[in-house]
Amino acid sequence: MKKNNNKEPAPSETANTSAEVLSKDNQEATEEVSGAVTDAQLAEKKRTRKRSVLTFVAIVFIISIMISVISCWIVSIRGKTAEVSDESFDKVQTVAEIVNDFYSSGLLAAGNPRANPMPIYYPPLSEKRKTMLSALCKSFEFKYLYLFELDEENSNLIYLFVVSSDDELNKEIEEQRPYGTVVHLDEIPEAMIAASHGEIKNTFWEDDNEFGTTYGWACPVMVDKSDPEKRLVLGIEYDVERLDKEAFQSSIAISIPIVIILIINLVILLLIIRKKILKPIKAISTKMNSFADGGVISGERLNMKKNDEIGEIADSFDKMSDDIQLYLANINDLTIDKVQTQTQMKIAERIQYGIVPEKLVIREKGIDSYALEKPAKLIGGDFYDCFVRDDGRLCIVMGDVSGKGITAALFMVMTKTAIREKLSSGMSPAEVLNTANDEMCNSNPEGLFATVFLGVLDISTGILNYANAGHTPPVLISDKTEFLVPAPGIAIGLFEDAGIENETIVLKKGQGILLYTDGVTEAVDPDDNFYGEERLLKVLEGSENAEQAAEAVRNSVLSFYNGREQFDDLTVLSAFNAGAENAAHIKANLEEQDIINEAIISTIGMNKLSRMIILACEELFVNIVSYSEADDVIFNCVKNNGTLDITFADNGREFDPMKNKQTEKPFEELDKGGMGISIMLQIARDIGYSRMGGYNVVKLSFTIPENDK
Amino acid sequence: MNIEKTVNGSTATVALEGWLDTKTAPDLGKAIGELPPEVNELTLDLAKLEYVSSAGLRQIVAIHKKMNKFIIKNVSSEIMEVFKMTGFDRRLNIQ
């Protein structure tokens with residue numbers, strides 16, 4: 001469940017905080033979902049970690065303990081064996097001497113010991129002696145002690161006696177190896193052989209028989225001092241089991257303390273590792289885990305004040321954390337700003353591209369207009385419009401909106417649309433600007449404004465009715481180029497009741513006008529020079545049509561930039577009076593009637609029809625001359641597909657012939673006049689009247705045959 | 001415009017040739033004014049009149065008011081149309 005802790009944000013902050021709000025929601029959600037997971041994971045990691053580091057240490061320790069114990073044991077055995085060996089060697093010699101004493105006295109008569117397997121002069125031991133030797137055996141820790149004669153030829157041992165340290169065993173031995181037993185050995189130990197030859201050799205053999213495993217030593221025993229050849233062998237055997245047992249015991253004795261010490265060391269070491277290494281590592285790890293939990297950087301430092309390697313890691317982590325936060329903060333700001341700005345600009349661009357065509361040409365019915373816009377990289381806010389409205393007149397608009405971005409683009413769209421609508425409905429230029437201004441003032445929270453120049457051009461007469469709202473004055477192009485000087489007006493969108501007024505000028509045939517924005521005059525070259533107005537006038541000299549004029553300016557400005565970046569939109573619109581073929585400016589003088597008649601005759605010849613038309617025109621013209629107080633009359637006569645269109649424009653006082661239909665006068669009073677308009681009205685098929693600027697414009701249409709003489 | 005006057009006592013005939021428009025209408029007026037005062041019957045011959053405008057019509061009305069008897073003859077169909085437009089055909093003696 002997402003909780004929104006912020007209160008309703010202000011509209012302009014929405015974009016900025018939405019990311020934050022999103023990330024906060026994310027964090028809470030993530031915490032909930034991942035909470036359970038992370039804990040389990042951490043626990044798992046805990047176990048794993050302990051196993052991997054400390055266990056490893058422990059295993060190494062234990063292995064080394066085992067190795068040391070085993071080595072101890074081995075060393076012990078060797079040592080023990082050596083010890084026993086040396087001791088036994090000494091002991092066997094001692095016993096040999098004692099046995100020697102036993103036998104050295106009381107030798108019986110000589111004989112051939114070989115002839116009789118039972119050596120008669122080697123009597124068996126008395127019980128008393130046996131017991132004594134048994135006790136000796138015990139105290140010397142031998143298992144067996146035995147005396148024998150070695151029959152090397154036959155590889156036999158002829159036992160005189162065998163005693164052991166154990167009484168029970170002695171009984172057994174008495175049965176198994178009584179005096180005179182001959183035992184055959186496949187292999188006689190070296191020490192025995194040596195001993196039988198009188199040599200004392202400090203080697204022992206290993207014997208494995210039904211009595212157990214033993215080590216044996218041998219020593220010669222002199223039985224007759226007078227005859228060194230009379231030798232017996234004394235053998236002693238040491239129980240290997242016993243040896244092993246003793247070795248084991250002594251090794252235990254040594255190793256137990258060692259093991260204990262080692263284990264204590266291990267525990268201490270583990271504890272130290274845990275405290276000095278594992279705990280800090282875990283702290284770092286925990287910090288890392290929660291570093292960017294839920295999309296929000298926690299930003300806390302470890303601040304572990306240690307001088308060792310762990311401290312280094314902690315410090316590195318802190319530094320990295322600081323760096324990341326700084327970096328993110330920068331990116332965040334930059335990105336949001338950049339993205340916002342870029343997006344705004346992109347949208348603004350699209351809007352403007354959609355609304356303002358790169359080029360617009362109208363060439364029809366005597367209209368010659370050519371408009372173009374080359375936008376700057378960062379859209380500047382220029383716009384234009386050029387269209388023929390219902391009454392056949394050409395509307396030309398040029399504007400420049402302040403500011404950049406989406407709001408400026410939208411303001412531009414609204415302004416252009418409003419202007420077009422109002423113009424299309426037949427409003428005069430001033431009316432259009434004043435009403436548009438009032439509307440824009442009411443819906444313009446950002447205080448944007450636009451300078452606008454607009455005009456309505458009547459092609460048949462060349463009359464241009466125009467109004468200006470603070471825009472750069474257009475250029476009039478005739479045999480000379482000069483600036484039109486409209487009233488400055490005020491940019492729309494600033495104050496209500498702008499009070500802009502209509503003005504009129506007449507473009508004669510071949511004359512034109514060029515509208516532009518300050519993107520032309522304020523273009524800058526690499527040396528910081530302005531394009532300026534003089535240059536504009538100059539470049540337009542000699543232009544004979546709209547395309548020529550517009551392109552001349554465009555090329556001139558673009559080459560003026562000379563590699564420097566175009567920083568403002570380049571927008572021009574040119575319109576020329578090219579269609580008023582027969583338009584003539586005549587004086588408001590009856591004499592001028594001939595000109596009118598000539599024009600009509602030259603268009604459709606002299607015939608009944610043309611005389612009728614002339615009649616209608618005469619009536620109108622006379623009216624103008626008599627009543628209008630005009631000093632300029634523009635007359636145009638154009639043949640259009642079965643119609644003859646005649647236009648009369650006079651700059652006299654406002655007079656609408658349609659409104660002033662004479663009432664029926666008595667016949668006798670007709671000598672004073674009053675028939676003219678009536679005649680005109682009856683002859684012309686269509687009559688249209690409009691007041692344009694300071695002109696009355698009357699358009700008469702007459703039906704003429706398709707192919708006339 | 002050519003004006004041919006033929007006076008016979010109190011009867012006069014005026015023949016017009018050409019265009020009777022705003023420019024030439026005053027000439028007609030002048031010509032009528034130059035007639036002897038005893039003339040009170042006028043025949044206007046428009047056989048050769050090609051064109052008449054309201055200025056001319058005004059002169060015609062003036063003649064009509066001045067004369068006792070006023071006949072307009074040889075009116076072409078074109079001129080007749082103009083008379084009809086202005087109701088002259090009903091008020092004038094057109095032959």
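The values are calculated or read from the model by the stated rules, or taken from the named source; none is laboratory data. Owing to the predicted nature of the structure, the values given are computational and were not obtained by experimental measurement. Because the Cβ atoms are built from the backbone with ideal geometry, glycine has one as well, and the counts that use them run over all protein chains shown. Just the protein is used for accessible areas: all its heavy atoms, side chains included, with ligands, DNA and RNA removed. Shrake-Rupley method; radii C 1.70, N 1.55, O 1.52, S 1.80 Å.
Carbon and sulfur: what percent of region A:135-184's accessible surface (1.4 Å probe)? It would help to have the intermediate numbers written out before the result.
On the way: 1030 of 2320 Å².
C and S atoms contribute 45 percent here.
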Report task. Please work out whether region A:573-621 counts as rounded, prolate or oblate from its C-alpha gyration tensor, where a ≥ b ≥ c are the square roots of the eigenvalues and a/c under 1.5 means rounded, while otherwise a/b larger than b/c means prolate and anything else oblate? Result -> oblate
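Please report the carbon-and-sulfur percent of the accessible area for region A:338-456; probe 1.4 Å, protein heavy atoms only, DNA, RNA and ligands left out.
Working: 2800 of 5130 Å².
Carbon with sulfur: 55 percent of the solvent-accessible area.
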Report task. Could you tell me how many degrees, from 0 to 90 and to the nearest 10, lie between the Cα long axis of helix A:279-289 and the main elongation axis, the longest principal axis, of the Cα atoms of chain A? Result -> 30
Report task. Excluding residues on the same chain fewer than 8 positions from A:K480, give the aspartates and glutamates whose Cα lies under 20 Å from its Cα. Result -> A:D368, A:E533, A:E534, A:E541, A:E544, A:E547, A:E551
Query raised in the report: From the residues B:T86, A:M132, A:T335, which one has its Cα farthest along the dipole of the protein assembly as shown in the positive direction, the dipole being from +1 and -1 charges on Cβ of Lys/Arg and Asp/Glu about the Cα centre?
Result: B:T86
Query raised in the report: Can you give the accessible area buried between chains B and A, summed over both chains, with a 1.4 Å probe, in Å² to the nearest 100?
Result: 2200
Report task. Give the distance, in whole Å, between the Cα centre of region A:291-352 and the Cα centre of region A:370-431. Result -> 46
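Report the gain in length on full extension from A:A292 to A:V388: 0.36 nm times residue separation, minus Cα-Cα distance, nm rounded to one decimal.
Contour length minus the Cα-Cα distance gives 28.2 nm.
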Query raised in the report: Under a point spin-label approximation (7 Å from Cα along Cα-to-Cβ), what is the A:E87-A:E312 distance to one decimal in nm?
Result: 5.7
Query raised in the report: Gain in length, A:K276 to A:E446, computed as 0.36 nm per residue apart minus the alpha-carbon separation, to one decimal in nm?
Result: 54.8 nm
**Report entry** Cβ-Cβ FRET estimate between A:R685 and A:E591, R0 fixed at 30 Å, reported to 0.05
**Finding:** 0.60
Query raised in the report: Relative contact order (percent) for region A:515-589, with alpha-carbon contacts under 8 angstrom and 6 or more residues of separation?
Result: 39
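In whole percent, and with a 1.4 Å probe on the protein chains, what portion of the accessible area of region B:1-80 is carbon and sulfur?
Values: 1590 of 3590 Å².
Here carbon and sulfur together make up 44 percent of the probe-accessible area.
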Query raised in the report: Looking only at other chains, what is the average number of their beta-carbon atoms within 10 angstrom of each beta-carbon in B:53-61?
Result: 6
Report task. Enter the angle in degrees (range 0 to 90, nearest 10) between the Cα long axis of helix A:406-424 and the first principal axis of the Cα atoms of chain A, meaning the one along which they spread out most. Result -> 20
**Report entry** Nearest-ten-degree value, helix A:167-176 long axis tilted from longest Cα axis of chain A
**Finding:** 70
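Once you charge only the Cβ atoms, +1 for Lys and Arg and -1 for Asp and Glu, what is the size of the charge dipole of region A:240-312 about its Cα centre, to the nearest 20 debye? Provide the component values of the computation, followed by the final result.
Working: 11 positive and 8 negative charges, 77 e Å.
I would put it at about 380 debye.
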Report summary line: So A:I355 and A:S64, fully extended at 0.36 nm per residue minus their Cα-Cα distance, gain in nm 96.1 nm
Query - Length-normalised contact order for chain A - Cα pairs under 8 Å, 6+ apart - percent - result: 8
Report task. Would you please report the Å³ per residue occupied by the convex hull of the alpha carbon atoms in region A:124-168? Result -> 74
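Within region A:125-196, report the GluC sites (Glu not before Pro) that DSSP leaves as loop and that have at most 10 other Cβ atoms within 10 Å. Walk me through the numbers on the way to the answer.
Numbers: sites: A:E127, A:E141, A:E149, A:E152, A:E153, A:E168, A:E172, A:E174, A:E175, A:E187, A:E190; in loops: A:E141, A:E152, A:E153, A:E187.
Of the GluC sites (Glu not before Pro), the ones in loops of region A:125-196 whose Cβ has at most 10 other Cβ atoms within 10 Å are A:E153, A:E187.
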Query - Sum of -39500 (n - 2.57) over DSSP H runs of 4+, divided by residues of the protein assembly as shown (222 nm, nearest 500) - result: -14500 deg cm²/dmol
Query raised in the report: Looking at region A:151-294, how many pairs of lysines come closer than 26 Å at the Cα, when each pair is eight or more places apart or spans two chains?
Result: 6
Query raised in the report: With +1 on each Lys and Arg Cβ and -1 on each Asp and Glu Cβ, how big is the dipole of the protein assembly as shown about its Cα centre, in debye rounded to the nearest 20?
Result: 2200
**Report entry** Solvent-accessible surface ranking, highest first, for B:I79, A:I261 at 1.4 angstrom
**Finding:** A:I261, B:I79
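Starting from the residue with the highest accessible area, list A:R554, A:R177, A:R363 in decreasing order, probe 1.4 Å. Mind showing how you got there, number by number?
On the way: A:R554 70, A:R177 50, A:R363 140 Å².
My answer, sorted largest first, is A:R363, A:R554, A:R177.
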Query raised in the report: When only Cα pairs under 8 Å and 6 or more residues apart are kept, what is the percent relative contact order across region A:378-501?
Result: 26
